[in-house]
1. I'm checking my understanding of the structure. Among residues of the range 8-46 that are part of a strand (DSSP E or B), touching a Ser or Thr at 6+ places or on another chain (Cβ under 8 Å) and not hydrophobic (A, V, I, L, M, F, W, C), which one is surrounded by the most Cβ atoms within 10 Å (Cβ to Cβ)?
2. Do any residues in the range 57-81 that are without any contact (Cβ under 8 Å) to a residue 60 or more places away in the chain and closer than 14 Å to ASP98 by Cβ have Cβ atoms under 7 Å from those of residues that are buried (at least 20 other Cβ atoms within 10 Å of the Cβ) and among the basic types (Lys, Arg), where the two are at least six apart or on different chains, and which pairs are they?
3. Which of the residues spanning the range 81-113 are modelled with pLDDT of 95 or more and among the aliphatic types (A, V, I, L, M)?
4. Based on this model, can you work out whether LEU77 counts as farther than 24 Å from VAL20 by Cβ, touching a strand residue (DSSP E or B) at 6+ places or on another chain (Cβ under 9 Å) and either polar (S, T, N, Q) or crowded, with 19+ Cβ neighbours inside 10 Å (or both)?
Amino acid sequence: MREVISTPEAPSSPFYSQGVKSGDHIHISGLVGVDVRTGEPAGSSIQEQTRQALVNCRAVLAAAGATLDDVVEVGILLSDPADFPGMNEEYRTWFPTDPPARYAAKLGAVIPGVLISIRMTAYTGGGASHPPTE
């Protein structure tokens, strides 16, 4: 079963779904640091745009009934790899302990003014783990 997640609180496009829920998994598309109220990047620094991209991801998670605590993987694409330390500076405030798995790579698309794109996968299933059966 596949459910498209949509909220006016995050950037949208006719070319992708903001999120898709499949069972207990929620997949959040790569969202940029654009403020939906203005339609412009949230600032010129990597910290400002990282913060806004995470705000946008959190809004889609909330629309799907999840929180940042449910996130199991984060993918980060940077337009300039030299922004990695600045991105980490803001990112660590959002996941201060026991952060999700993460990767970072160079953003291939050139989008004027956009410094970062962040995607997430969350899992809301919970439940006790079961030992393997023989």
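1. GLY19
2. LEU68/ARG58
3. Of everything in the range 81-113, those that are modelled with pLDDT of 95 or more and among the aliphatic types (A, V, I, L, M) turn out to be ALA82, MET87, ALA101, ALA104, ALA105.
4. no
The values are calculated or read from the model by the stated rules, or taken from the named source; none is laboratory data. These numbers come from a predicted model, not from an experiment. Neighbour counts run over all protein chains shown; Cβ positions are idealised from the backbone, glycine included.
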